[in-house]
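What follows is one structure encoded as C-alpha cells, with my remarks underneath.
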Amino acid sequence: MMAQDDAAMPQLQDWEALQAKIFTKWVNQKLMSRHFPTINNVQSDLAKDNTLYNLMCALTDREPPVEKKKPAKMHVKAQVLDDIDKALKFVFDCGIQMKLKPSPENLYSGDFRDVMALVWAIMMKYIKFDEEDGQENLSAKDALLRWLQFHTKDYPQVKVENLTKSFHDGIAFCALIHKFKPGAIDLDSLDPANKAENLQLAMDKAEELFGIEKYLTPADILKLDEKSMLVYCSEYYYHINEQLKRDLAAKRISKLIAFTRENDETKARYVEQGEQLLQRVRTSEELLTGVDVIDNTMAGAKDRLHRFDTYKSEHKRSIVSIHLDMEATYNTLAMRLANHNRPEFVPENSELVLGTLTARIRDLQAKESVESQLHAELNRQTRLLQLDSQHATQAGKIVQWIEDKNQYLAGDFTVTSSGEARKQLKLFDSFVKESKAMQADPVQQLAKISKVLAEEKYERAAEASERESDIKTRFATLDQTAAEKEPVLKDNLARELFKEKVRLDVKVHTETFQSLQAWCAEKSAYATKKETVASVQAAHLQLSVLDALLTEKSDVEKGSVARLNSLGAAIRDAKYETQYSQWVYEDPAAVQKLEEDVQALLSTLEQQAAQKRTVLEDDLAREQERERIDLLVSNHRSQYEQLLAWAAKKIEYLETKETVESSSEAKKQLSKLELYEKEKADTTEGNVASLKAMGNEVRTTEYKTELSQWKYEKPDTLVALESEIDAKWQELDQKAAAKKAVLEDDLARELFAEQTRLMASTHSSSHDNLMSFAALKQKQYAEDIVVNSIADAQFLLSQLDSLEQERKTVQDSMVVSLKQLGKDILGRQYKTAHSSYTYENPAEITGHEAAVDEAFASRASEAAARQSTLQELLAKEERKEELRLEFASLAADFIRMTNDKIAEIGTQDEQKVMHGFSLDEVEAYETTLLSEEQELSNATAARQKEYKAALTEMDSLGVTENAYTKLTSADLDAAQGKLDAAVQARRSFYEQERERHRANDALCKQFADLVVPFEKQVSELMAKVLAASSTEEDQLALVTDNLNNADSVKLDFAAATQLEKSLAERGVESNPYTVLSVEDVQITWDNYMQVLQSRKPYLENVVAYKKYRGISPQQYEEMEQIFHSFDKDDSNSINERELRSCLFSLGEERTKAEIQAYMSQYGTAGNLSFQPFRELMITLLGDAGTPAGVNESFKVIARGRTAVAEEQLAELLSSDDVEYIKATARPAEEEPGYDFPAWIEEVFAR
C-alpha cells in the first residue's frame, strides 16, 4: 500500500497549510543542496520513497546504515512501514530528539501533527546556532532574531522583538533588504500603516534581488505562526547570504578578469620595454665584449678604452632608464601576482627575463668598474714598452760582453812554466767569476724584466724571451767553450808541474848519484889499501872492518841506491799524457847511465872487498900458523923449563889462576896445559921422545902461499931444549884437568869480548857516518830562502820534500840498523860457572844513538820549520796573486755595475713611466725608490768595501803591479761620482712629479667627495624603495617621504660639472676615487625620481587592496562593532561559541569543525582577538582570489554545476566580462556551458 495522497488528506487550517507550505519549501531547499529529488508536500511525501533518508543525509553528510531501496511500483504496507521504521531509526540515530516520537503508521498516513512535529524537530536540530557538550546554548529562534536585530539595529524605525508582529508592517523586511541593497528601497518613504504595500514591496524586492520566491502573499504573513515565521525569515537569512555570496562570487570573478587583463597589458608593456632594452644591451655587450679581457697589446688597450667610452656616452643612460622602467613594471606585476598567489611571470623569450636582463646589465655595470683598469692597462702597456726597451738595451750589452769573452777564450794559451799556467788559470778563474756575476746580476736582472713582461703578458714578451733565450744559448755556448778550455788550462798547469817535478827528481837523482859516487870512491880507497897485519888479532880486526864495509854497502844499496834506482825508474817512466798534451823527460839515458855507473862502482867495490877479504883471510891464516908455531916453540921452551923445574913448580902452576884478557892469552894458557898433559904423557911414554917430536915439528913446519911464506927462524934451540925435558907430570894429573876447564872458559870469554868490541867499532863507524849525514842536511836546511813568486816557493818546497824523503830513507834504514846493532851489543852477555862478560862501555853505544836521534830530530824540526816558512811564503804569494785577480774582477764589476745602474735610471720620460700614473702608484713608488736607493747604496758600499779591502791588503803585502787590470782606485771613485749624480737627479725629478700628482689627486678627491656620497645615498634610497622586504604600507610611506625630501638630497650639479672640467684641463683621465662622472650621477638622480613618481600610485592601489581585499569600507569598519557585540565579557577576545554566533549573525553558517579550524588558525589558546578576527572575516567575505575561491565563486553562480552557462554569467557579470570569458574559456564537454575549472587553471597559471 502507498501513503495516502494529497487528495485523501484532511482539510487544513490556513496557518497549517501555510506551515506545511513553508516546511515543504525548507525540506526541498535541503534536498536540493545535495541534488536529491524534491517533494510536493511535506505532509504527504516525507515518508515516501527515500525522502527521509535523503533529508538526513543532506543535513548530516552521513550515509544511511543500509542501502537505500529504490522506489518500487508496488509495496505491501508491512514492508513500507518497516522501511519507515528504519528511516525513523536513522533519524533518531542522527541525534534528533522528540518527547513524543511519531509512529511509522502516522507518517505513512500523513498525520499533520506527527509530520510537522518531526520536521520541526529536525529543523530545531539543524537550524539551531550552537551546541556545546550536547547542551543547546542558543536556539534557532534566538539565533535568527539576533541576526535580524543585528542587521536592522541601525534603522530607528525598526525594532525586531519577535518573529511575528515585528514583521507585520513590512518595514523590518524592507530595512533588511535596504541593509544589503541600500539603493533598492527608499526606506524613509515607507509608511508603517501601509502593511500590505510594504510587505509586497519587500516580497518583490526580495525576489528581484535575492531570489526569494513569492510563495506567500502579504496576507499570509499576518497569518503565520512563530514557527512558520522562523522558517520564512530564515529564507531571508539564506537567500540574502546566498545572494551576497553570488555577488561576492561575481565580484571576485570580475576582479579576476580585470586583474588578469591588467596583468596581460603589463606583461605586454614589459615585453615591449624588454625588446628595446635587449637591443641596447646586445649592442653594449658587443662593445664591452672582451673589454675586461686584457689582450696585452697597446692597440687592444686603446680599442677597449674607445669601446668603453662609446658604451658610456651612447647607451648607458638609456639602458639604466629603460631597465628601471622595466624593473618597476616587473616589480608591480610580481607583487600583484604574488599577492594573488599567481605564478611568477616568465617571458616566453628567455632573454627578456628580468633576472637575466638584470644579470646582463649588472655584467655591463660590473664592466664599468674596469674604466680605471682600462686606463691602468694603457699605462701598463706604456710601462711594459719601456721595460722592453730596457731589456733590449741590457741584452745588447750582455751579448757584446759574451762576444768579447768568446774572443778571449779563442786566444793563445800556450805556456812554458807552471807560473805562466797559474797565471792563465787565475785569469780564467777571473773570467769564470765574471761570467757567474754576469749571469747572477745583469742576466738575472734581465730575467726579472723578462719575467715581468711574461707575467704581464706583454705582447712582445716572446721577443724578450727570445733575446733571453739567445743570451742563455750564448752563455751556454760560452760556458761550453769555457768548460772545454778549463781542462786545457788545468792540463797546462798539471803538465808544467809534472815537468818541474820530474826535473827536480833528476836533480835529486844526480845529487844522490854524486853522493854515492863519493861514498864508493871513499870505500874503494879503503878496499884497495894493504894494511900491515902482524898478528891474528890484527887480521881479525881488519876483517871486521871489511865486514862493516859490506854491511854499510848493503845499507847503502837498500837505501840510497834503491832510492836512486826508484827515482831513476820514476824519471824514466814519467810520462804526462792526456787528451790535451803529452810530455816525457828529454834524457832518460843520462839517468840510466848514472844508475849503471853507481852499479859499476858498487860492483867494483864488491870485487875490491872480495880481493881484500882474500888477502886478509890469508893474513889471518898466516898469522894463525905463525902463532901456532910460536906457540909450539913456546911450549917446547916451556916443557923444557918445566922439565928443569918440574917438581917444584907444577903444583904451583896448576893451582894458580892466571889473568886472561885476550884470546891469545887464553890460548896460550891452554897450550901450557896441553904441554903439561903431554909432559905427563911423555913422562909416561917418554917425555924426552915427546919433546923431541915437538921440536922436530917446529923445525920442519913451513907456511907458504902465493901471497906469503914463513919458517921458524931458530930450530937449533929446540933441539937443545928437548934433551933437558924432565918428566915430572904424574902428580899434577888431577889439577891439570881442572885448570884446563878454566882456561877453556877464559878462551871462550875473550873470543866473545873481542867479537863484541868489533861490533862496537862498527857501531861507532855508523854513528860517525850518520852524524856526517845529519850535518850535511843541517847545512842544506839552513840555506837562505829567496821567494819572489809562487814558482820559487813551490820549487823550494819540492826540493825540501826530496831532502826529507832522503832523510827519512836514511833514518828508516841506517839509523834503524845502528839501533839494532846497538841493541845487539848491549844485549850480548857471556856468563859461565868460571866467569862472565858484558860490553865494557855501554854508555858509548847509547850516547852515539842518542846523538843520532837528536841530530835527526833536529833535522826533522828544521825541515818542518823550513816547510812552514816556505808554505807561508807560498800562501803569501798565492794571496798576492789572488788579490791582483780579485781586485781586477771587483774593479771591472764595479765599473760595469755603475754603468748598468746609470742606464737603468734612464731618462726623465722613462722615469716618469716607472713612477706610475696615479698618486697611489707614485707615492708607492717612493718605497720602491727608497728601496732601490738603499739597495744601490748597499751594493756600491759593499763593492767599495770589497775592492778597498783588496787594495789595502795588496799594499800591506807589497803588491805594486797588477797584470790583470789597468783600473785604479781613482777610476772607481770617478765611476761612483757619476752614479751618485744620476741617483740624485732621479730623486729630484721624482719629488717634482709626486707634488704634481698630489695636486691632481686632491682635485679628484674633491670631485669624488661630492658625487660618491650623493651616488651612494641615492642608490641606497633607490634600493630601499625597490626592496620588497617591508610592507606596502611602509613602502608607500617611504616613497612619499622621499618625494617630499627630494630637493634636500639633490646634488649641486653645477659645482660637480666645474670640477670635472678642471680635471679634464689638467689631463686627468682616471679618477682613483670614483669611476662616476657628472652624467652618471645625473642618470642615477633622474632614474630615482622616475621610480618614486611611478611607484607611488601603484603602492597606493596595493595598500588599498590589501586593506579591504574585496570588502567594502563600510564592511571593514563594521567588523569591530560586530566583534565587540559578541564579546560579552569585554575580554577583547571571543571563544568558539561566540565566533560561531557572530558568523551566524553575518549569514555564515559554519560547522563546529570549521569553527575549531578557524580558532586553530587565527586564535590563541581557544580565544580570538580582534585583528585575527578581522583577517578571518576578510578571508571569508573578501576577494578570496585563489583558484579554490574563484572555483567556489563559479560554483555559486553555476549553482553547483561544473560548467557555467552564459545566461548565468550574464545575470551577475558585465557584458565585457562575459565576452572575455567566452573568448578565453572553452566549452565544457559533459554538460552545457563553459568549463570554468579549466579556465581558472589556465588563468591562474598565467
Check: Can you name every residue in segment 920-953 that is free of Cβ contacts under 8 Å to residues at least 24 places away in the same chain and either outside any helix (DSSP H, G or I) or among the polar types (S, T, N, Q) (or both)?
Finding: T927, T928, S931, Q934, S937, N938, T952
Notebook entry, point to check: Checking D555 against (1) over 22 Å from L758 (Cβ atoms); (2) surrounded by 16 or more Cβ atoms within 10 Å (Cβ to Cβ); (3) among the acidic types (D, E), which single condition isn't satisfied?
Noted result: (1)
Margin query: Could you go through segment 442-454 and let me know if any residue there is in a loop (DSSP other than H, G, I, E, B) and modelled with pLDDT under 85.
Written below: no
Notebook entry, point to check: Across segment 427-473, what is the total count of residues that are over 32 Å from the mean Cα position of the chain (by Cα) and within 14 Å of A892 (Cβ to Cβ)?
Noted result: 11
Notebook entry, point to check: Can you tell me which of E697, E731 is modelled with pLDDT under 70, among the charged types (D, E, K, R) and not in a loop (DSSP other than H, G, I, E, B)?
Noted result: E731
Next item on the list: For residues that are surrounded by fewer than 23 Cβ atoms within 10 Å (Cβ to Cβ) and either among the polar types (S, T, N, Q) or touching a Leu at 6+ places or on another chain (Cβ under 9 Å) (or both), tally how many sit in segment 199-209.
Entry: 3
Next item on the list: Hey, could you check segment 834-865 for residues that are hydroxyl-bearing (S, T, Y) and out of contact with any strand residue (DSSP E or B) (no Cβ under 7 Å at 6 or more places or on another chain) and say which is farthest from A774 (Cα to Cα)?
Entry: S835
Next item on the list: Go through the residues of segment 528-549 one by one and say whether even a single one is of a type in the set (A, V, I, L, M, F, W, C), part of a loop (DSSP other than H, G, I, E, B), over 60 Å from the mean Cα position of the chain (by Cα) and surrounded by fewer than 19 Cβ atoms within 10 Å (Cβ to Cβ).
Entry: yes
Next item on the list: Starting from segment 607-626, take each residue that is within 23 Å of T701 (Cβ to Cβ) and list its partners that are modelled with pLDDT of 85 or more and of a type in the set (D, E, K, R), counting only C-beta distances under 8 angstrom and pairs at least six apart or across chains.
Entry: V615/K530
Next item on the list: Examine segment 1024-1038 for a residue that is small (G, A, S) and either closer than 27 Å to D309 by Cβ or modelled with pLDDT of 85 or more (or both), and state whether such a residue exists.
Entry: yes
Next item on the list: Filter segment 1053-1071 for residues that are polar (S, T, N, Q) and outside any helix (DSSP H, G or I) and give the result.
Entry: S1070, N1071
Next item on the list: Within segment 570-577, identify whether any single residue is more than 26 Å from T809 (Cβ to Cβ) and either of a type outside the set (S, T, Y) or touching an Asp or Glu at 6+ places or on another chain (Cβ under 7 Å) (or both), and answer yes or no.
Entry: yes
Check: If you go through segment 893-913, how many residues are more than 26 Å from R943 (Cα to Cα) and either in contact with a His (Cβ under 6 Å, 6 or more places away or on another chain) or modelled with pLDDT under 85 (or both)?
Finding: 4
Item checked: Flag if I221 is surrounded by 20 or more Cβ atoms within 10 Å (Cβ to Cβ), without any contact (Cβ under 8 Å) to a residue 60 or more places away in the chain and closer than 24 Å to K141 by Cβ -> yes
Next item on the list: Quick one: count up the residues across segment 357-406 that are farther than 26 Å from H315 by Cβ and of a type in the set (D, E, K, R).
Entry: 7
Note to self: Go through (1) touching a His at 6+ places or on another chain (Cβ under 6 Å); (2) in a helix (DSSP H, G or I) for I1122 and report which single condition fails.
What the structure shows: (1)
Margin query: Return the residues of segment 566-581 that are surrounded by fewer than 18 Cβ atoms within 10 Å (Cβ to Cβ) and assigned to a helix (DSSP H, G or I); say none if nothing qualifies.
Written below: S566, A569, A570, R572, D573
Next item on the list: Would you confirm whether any residue within segment 1079-1098 is without any contact (Cβ under 8 Å) to a residue 40 or more places away in the chain, outside the structural domain of L1180 (by TED's automatic domain parsing) and surrounded by 14 or more Cβ atoms within 10 Å (Cβ to Cβ)?
Entry: yes
Checklist line | Residues located in segment 732-789, provided they are β-branched (V, I, T), surrounded by fewer than 17 Cβ atoms within 10 Å (Cβ to Cβ) and touching a residue at least 12 places away in the same chain (Cβ under 8 Å) | finding: I785
Check: Which one of these is within 30 Å of I402 (Cβ to Cβ), of a type in the set (K, R) and touching a residue at least 24 places away in the same chain (Cβ under 8 Å): K523, K501, K485?
Finding: K485
Note to self: Can you tell me how many residues within segment 1210-1246 are more than 25 Å from A338 (Cα to Cα) and either outside any helix (DSSP H, G or I) or modelled with pLDDT of 90 or more (or both)?
What the structure shows: 19
Note to self: Being under 21 Å from D619 (Cβ atoms), out of contact with any Cys (no Cβ under 6 Å at 6 or more places or on another chain) and part of a helix (DSSP H, G or I): is that true of K558 here?
What the structure shows: no
Check: Here are some residues: E371, E351. Which one is out of contact with any Ser or Thr (no Cβ under 9 Å at 6 or more places or on another chain) and of a type in the set (D, E)?
Finding: E351
Check: Is there a residue in segment 824-833 that is in contact with a strand residue (DSSP E or B) (Cβ under 9 Å, 6 or more places away or on another chain) and in a helix (DSSP H, G or I)?
Finding: yes
Notebook entry, point to check: Just wondering, is there one or more residues in segment 780-790 that are modelled with pLDDT under 85, assigned to a helix (DSSP H, G or I) and under 60 Å from the mean Cα position of the chain (by Cα)?
Noted result: yes
Check: If you go through segment 861-869 one residue at a time, do you hit one that is farther than 22 Å from Q811 by Cα, part of a helix (DSSP H, G or I) and modelled with pLDDT under 90?
Finding: no
Item checked: Meets criteria (assigned to a loop (DSSP other than H, G, I, E, B) and over 23 Å from D893 (Cα atoms)) for F917 -> yes
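Results for (1) surrounded by fewer than 19 Cβ atoms within 10 Å (Cβ to Cβ); (2) in a helix (DSSP H, G or I); (3) in contact with a Cys (Cβ under 6 Å, 6 or more places away or on another chain), shown as yes or no for each residue.
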position	(1), (2), (3)
T329	no, yes, no
M335	yes, yes, no
E348	yes, no, no
D363	yes, yes, no
K367	no, yes, no
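Return yes when L936 is surrounded by fewer than 15 Cβ atoms within 10 Å (Cβ to Cβ), at negative phi and among the aliphatic types (A, V, I, L, M) and no when it is not. Explain how you work it out, then say what you get.
On the way: surrounded by fewer than 15 Cβ atoms within 10 Å (Cβ to Cβ): no; at negative phi: yes; among the aliphatic types (A, V, I, L, M): yes.
Spelling it out, it is not the case that L936 is surrounded by fewer than 15 Cβ atoms within 10 Å (Cβ to Cβ), at negative phi and among the aliphatic types (A, V, I, L, M).
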Item checked: Matching option when the condition is under 56 Å from the mean Cα position of the chain (by Cα), hydrophobic (A, V, I, L, M, F, W, C) and surrounded by fewer than 19 Cβ atoms within 10 Å (Cβ to Cβ), among A850, A875, A891, A865 -> A875
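The values are calculated or read from the model by the stated rules, or taken from the named source; none is laboratory data. Note that the coordinates shown come from a computational prediction; the quantities given were computed from them, not determined experimentally. Neighbour counts run over all protein chains shown; Cβ positions are idealised from the backbone, glycine included.
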